[in-house]
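The values are calculated or read from the model by the stated rules, or taken from the named source; none is laboratory data. This one's a predicted model, so the numbers in the text were calculated from it and none came from an experiment. Note: ideal-geometry Cβ built from the backbone for every residue, glycine included; neighbour counts use all protein chains shown.
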Amino acid sequence: MKPKNTPKKPLRVARHVAPVAALAAVLTTACAWQAAPEKHAPPALRPLTGEVCNHIVPQAPITIATSRVEAQNPVLQSDGQSYALAYAIRSTPTSHIRLLTLDKQGVPQGEGTLFSADGQSRQPAIDGDGSGFYLSWLEGTRLNAIRVNAPEASPRIYSENAQSAASGPWGALVWVSQNTLFFRSDSLPPATGIGVPRKEPKPLAIAHGPIEDPAIAWTGHFYAIVWSQAMSGGRQIMLQRVLNDGSLMGAPVRVSGVAGIAQKPSVVWTGWDFAIAWATAYADEGAFDNRFRIFFAVVPEKGTVPALTRQLDFRGSADEVSMATSGSEMVLAWVGSSEMGAAIFAQRIDKTGTLLGETIQLNTDDAMCGRPAIAFDRDGYAIAWHEALDDASYRIRFAKLACASSAEALPAPDADTAVDSDSDGLKDVF
């Protein structure tokens with residue numbers, strides 16, 4: 001029987017200790033969130049090598065899963081040894097989130113975990129820290145999250161009215177509810193007292209307004225939260241630095257600066273600065289498939305003005321951008337225009353947004369594709385995306401971009417790594 005996890009009410013630790021021990025526990029918990037590493041090192045889960053690939057060697061895409069119902073919106077993260085990949089399986093009247101562990105070549109290690117739902121599950125997000133991966137998703141408007149592989153772990157509910165959300169290291173969550181951007185993390189001071197069980201801290205309001213598409217990055221010392229917000233002339237990308245205890249660090253930074261609909265930001269910490277990429281839609285660009293452009297910005301650790309903001313020069317339309325970094329360079333993945341309509345592309349850039357090497361097209365068939373996700377794994381990058389085929393089936397694809405110095409022999413194109421995506425008890429096949 002396949003493992004299934006049904007969202008429960010938030011877990012509450014009902015542990016009563018002796019008064020002296022209880023006081024010590026409260027003081028320890030209350031002070032723990034104030035501690036910060038001496039160096040601004042990222043968590044061990046997302047190691048920055050500080051090396052530049054020089055060039056990357058694209059490997060042939062493989063199929064991770066196929067399904068007769070919608071399998072879409074994959075998210076990807078690496079701990080340097082393996083990948084965690086999650087995606088939504090949408091059907092009527094219910095849908096699910098599937099979580100898979102992949103080896104470094106992208107081969108699934110078992111059938112993974114299926115998180116069943118009574119409603120429509122969507123918008124999975126995954127990140128992590130030195131203790132493991134942290135997965136969140138929306139079930140209708142309910143925000144669920146779980147620390148993967150934690151003892152006796154089951155999903156917890158953090159909001160009943162969330163419109164969009166993202167997860168970050170150390171139990172960080174950001175979500176939009178009723179025009180307010182909320183934040184919580186495991187580092188927030190607990191809502192507790194002596195002899196009282198620890199309670200979930202009240203989420204903190206970070207910003208207000210017509211907000212969408214939150215994303216989060218962690219420096220090892222504080223968070224940067226980015227989002228898209230409606231303003232005069234369209235939508236703009238904003239950034240707010242937040243300490244572990246939820247305290248705001250200065251005023252919000254307006255990252256984008258041109259008219260248009262700036263949306264779906266991706267943010268990484270390079271070790272010194274924040275790098276942000278996003279897509280901007282222009283209303284007067286003519287054809288719909290030629291109106292999206294990718295922008296890139298660098299925001300320093302301190303200050304209220306971006307160090308640089310520029311449009312990246314890619315041929316045709318470019319949308320749904322995702323970004324990962326080794327510390328000295330970034331690799332972008334996006335959906336762009338091609339002779340067959342749309343395709344998944346990847347490009348190395350340096351810290352100034354200068355293109356490094358050639359743009360790589362990862363898929364060469366005419367399947368409808370979308371939602372690329374990218375992760376760095378010490379010796380290269382990996383990208384996952386979804387495809388919709390003509391026969392009304394769907395698949396999750398994976399491609400490795402190995403650094404030239406660490407290119408490995410990977411599976412042949414379309415290797416048989418598929419799993420049972422729609423939970424019908426049968427191996428998925430076309």
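Couple of notes before you dig in:
So that you can scan it fast, the table gives a plain yes or no per residue for (1) under 25 Å from the mean Cα position of the chain (by Cα); (2) among the hydroxyl-bearing types (Ser, Thr, Tyr); (3) modelled with pLDDT of 50 or more; (4) assigned to a strand (DSSP E or B):
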site	(1), (2), (3), (4)
Tyr381	yes, yes, yes, yes
His386	yes, no, yes, yes
Asp391	no, no, yes, no
Phe398	yes, no, yes, yes
Ala402	yes, no, yes, yes
Ser405	no, yes, yes, no
Glu408	no, no, no, no
Ala412	no, no, no, no
Ala418	yes, no, yes, no
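- Options Val107, Val148: the member that is surrounded by fewer than 22 Cβ atoms within 10 Å (Cβ to Cβ) and either modelled with pLDDT of 90 or more or within 24 Å of Ala402 (Cα to Cα) (or both): Val107
- Flag for Thr364 being among the β-branched types (Val, Ile, Thr) and closer than 24 Å to Asp273 by Cβ: no
- Residue identified as modelled with pLDDT of 90 or more and out of contact with any His (no Cβ under 8 Å at 6 or more places or on another chain) among Ile89, Ile97: Ile97
- Taken together, Ala84, Ala71 contain a single residue that is within 19 Å of the chain's Cα centre (by Cα), buried (at least 21 other Cβ atoms within 10 Å of the Cβ) and over 25 Å from Asn244 (Cβ atoms), which is Ala71.
Residue by residue, here is whether (1) under 30 Å from Gly327 (Cα atoms); (2) modelled with pLDDT under 90 holds:
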| position | (1), (2) |
| --- | --- |
| Ala172 | yes, no |
| Gly195 | no, yes |
| Ala205 | no, no |
| Trp218 | yes, no |
| Tyr223 | yes, no |
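- The condition (being in a strand (DSSP E or B) and surrounded by fewer than 18 Cβ atoms within 10 Å (Cβ to Cβ)) is satisfied by just one residue among Thr359, Thr364, Thr352: Thr359.
- Checked against (1) closer than 27 Å to His96 by Cα; (2) in contact (Cβ under 8 Å) with a residue 24 or more places away in the chain; (3) of a type outside the set (Asp, Glu), Lys199 passes all but a single condition, namely (1).
- Filtering the range 331-349 to residues that are surrounded by 16 or more Cβ atoms within 10 Å (Cβ to Cβ) and of a type outside the set (A, V, I, L, M) leaves Trp334, Gly336, Ser337, Ser338, Phe345, Gln347, Arg348.
Let's see how each residue does on (1) surrounded by 23 or more Cβ atoms within 10 Å (Cβ to Cβ); (2) hydrophobic (A, V, I, L, M, F, W, C); (3) under 27 Å from Asn161 (Cβ atoms):
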position: Ala215; (1), (2), (3): yes, yes, yes
position: Ile237; (1), (2), (3): yes, yes, yes
position: Gly250; (1), (2), (3): no, no, no
position: Val253; (1), (2), (3): no, yes, no
position: Val258; (1), (2), (3): no, yes, no
position: Gln263; (1), (2), (3): no, no, yes
position: Asp313; (1), (2), (3): no, no, no
